[in-house]
Amino acid sequence: MMTKPVPSSFPVSDNVARMKASSTLAAMQTASAMRTAGVDVVDLGAGEPDFDTPQNIKDAAAAAMSAGKTKYTPTAGTRDLQQAIIDFYQREFGAGYEPGEVMATAGGKQAIFNAVVSLINPGDEVLLSQPYWVSFPEIVTFAGGQSVFIETEGNDFVLTADMVRDAITPRTRLIILNSPSNPSGRVIPPTEFERIMEIVAERDMYAISDECYLRFVYPPAKVFSAAVLRPELRRRLCIAGSFSKTYAMTGWRVGYALANAEWTRAMLRVQGHSTSNTTSIAQAAAAEALNGPQDSVATMLAEYTRRREWLLAALNDIPGLRCPQPEGAFYAFPDVRGCFKDKARTSRDFANELLQNEQTVVTDGADFGAEGFIRISYATSLDRLAEGVKRIRRVAEGST
Ligand SMILES: Cc1ncc(COP(=O)(O)O)c(C=O)c1O
């Protein structure tokens, strides 16, 4: 029998060939490799809390393991976790969900993936506010959809209903909203959010609300979940939630999707043939995270608040650099175009210079669709932030 020759390179599928690798994960790996090599690296690239997972959550995982809860669970998650999520939304927002509208996922990322893949057909357009979280356009590409970017720089990165209306075409099927936003930290005011959802309903579209940073909001901005919207708007919505940031559980891989029962059934089909359920032990931990004491969330928020105040003042003191107020999450997103000197002409040059000359990791804004900006994570100690800002200042002043 004739065997076919082995191709000289792997024949990657067209959709995957069009996907970019995650630049935020790459930045974290760069920092980790530098640390291993003994370099005094300042890592301002991390998209994860520098806090440990609270002890009560770890204890719940250990107890689940000891009790033999180590087997497959339903694809939608254990009844305990589903109920904990339902109770949380009832308690915090007065929003009622049925078990058939809730599913546990391997991180918020899988909830977004499930939601996009179960809705989008090749050629469908998906609206993304620019700057966007790096995975949104790649997931859309994977599904064969077309990302349509809405530039928001003119409004200091806050999406408005008018911008959404102007971007809709007959092919628009979905919009992905992310408030507070990664990377800008900006928050869509609740009334504007509702107006956007009214347009979504009017135009027979759907929306994903990525609420991964739901609980990390700085006054006067207020915690807002799209779960509170009236039923005819909520029908159009899939909320993607996450335990990663709120409870410092990035490695546990637990998130959830809240959507109407039909959309949820479609997402369960996708997940049932990919990862099945998220880890049984992590689900027990996540249920405890929602049901148990919440003081760790308040402690983290207080610390992020302290760092944010300090960081914003320090960044805005650097000549040529301008940093608007993030209202949520744990990122500052300064405009560095005013600092471009002979060497640095793009934000990538600026980030590279920081890395090469100052061993400092930040993420290039161009990776989020915002050339000229850099993302600085303040999920790191004030000491390291202060050292990082010193180094950023040296690059900005061209003295490296
Ligand atoms: C905006 C946004 N959405 C979703 C996620 C996914 O988080 P996870 O999959 O860890 O829940 C992240 C993580 O960085 C994020 O920044």
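Things worth noting here:
Conditions tested, residue by residue: (1) more than 18 Å from the chain's Cα centre (by Cα); (2) of a type in the set (Lys, Arg).
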| site | (1), (2) |
| --- | --- |
| Ala207 | no, no |
| Cys238 | no, no |
| Thr246 | no, no |
| Trp263 | yes, no |
| Arg269 | yes, yes |
| Ser280 | yes, no |
| Glu288 | yes, no |
| Ala298 | yes, no |
| Ala302 | yes, no |
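- Scanning region 364-400 for residues that are polar (S, T, N, Q) and modelled with pLDDT of 95 or more gives a single hit, Ser377.
- When Val158, Val140 are checked against the criterion of being assigned to a loop (DSSP other than H, G, I, E, B), out of contact with any Phe, Trp or Tyr (no Cβ under 6 Å at 6 or more places or on another chain) and either farther than 20 Å from Arg235 by Cβ or at pLDDT below 95 (or both), a single residue qualifies: Val158.
- Leading residue by the ranking (farthest from the ligand (Cβ to nearest atom)) among those in region 217-251 that are among the aromatic types (Phe, Trp, Tyr) and buried (at least 24 other Cβ atoms within 10 Å of the Cβ): Tyr247
- Qualifying residue in region 332-342 (condition: acidic (Asp, Glu), at pLDDT 95 or above and within 16 Å of the ligand (Cβ to nearest atom)): no
Rundown of residues vs (1) under 20 Å from the mean Cα position of the chain (by Cα); (2) open to solvent by less than 20 Å² (accessible area, probe 1.4 Å); (3) not hydroxyl-bearing (Ser, Thr, Tyr), yes/no style:
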position	(1), (2), (3)
Val16	no, no, yes
Met28	yes, no, yes
Ser32	no, no, no
Val39	no, no, yes
Asp52	yes, no, yes
Thr70	no, no, no
Gly108	yes, yes, yes
Asp124	no, no, yes
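- Test: Ala46 is under 29 Å from Glu138 (Cα atoms), open to solvent by less than 70 Å² (accessible area, probe 1.4 Å) and touching a helix residue (DSSP H, G or I) at 6+ places or on another chain (Cβ under 7 Å): yes
- Any hit, region 82-101, residues being modelled with pLDDT of 95 or more, of a type outside the set (D, E, K, R) and open to solvent by 60 Å² or more (accessible area, probe 1.4 Å): yes
- Test for Glu232: is it without any contact (Cβ under 8 Å) to a residue 12 or more places away in the chain and either touching a Lys or Arg at 6+ places or on another chain (Cβ under 9 Å) or part of a helix (DSSP H, G or I) (or both): no
- Residues in region 364-389 that are within 17 Å of Arg345 (Cα to Cα), among the aliphatic types (A, V, I, L, M) and touching a residue at least 60 places away in the same chain (Cβ under 8 Å): Ala370 only.
- Residues of region 348-369 satisfying the condition of being aliphatic (A, V, I, L, M) and either touching a Lys or Arg at 6+ places or on another chain (Cβ under 8 Å) or open to solvent by 10 Å² or more (accessible area, probe 1.4 Å) (or both): Ala351, Leu354, Leu355, Val362, Ala366
- Output for region 266-286, where each listed residue is touching a residue at least 40 places away in the same chain (Cβ under 8 Å) and more than 16 Å from the ligand (Cβ to nearest atom): Ala266, Leu268, Arg269, Gly272, Ser276, Ser280, Ile281, Ala284
- Of all residues in region 110-122, those satisfying the criterion of being under 16 Å from the mean Cα position of the chain (by Cα), open to solvent by less than 40 Å² (accessible area, probe 1.4 Å) and of a type outside the set (Val, Ile, Thr) are Gln110, Ala111, Asn114, Ala115.
The values are calculated or read from the model by the stated rules, or taken from the named source; none is laboratory data. Note that the coordinates shown come from a computational prediction; the quantities given were computed from them, not determined experimentally. Backbone-built Cβ (ideal geometry, glycine too); neighbour counts: all protein chains shown. Just so you know, the surface numbers come from the protein's heavy atoms only, side chains and all, with ligands and any DNA or RNA stripped out. Shrake-Rupley method; radii C 1.70, N 1.55, O 1.52, S 1.80 Å.
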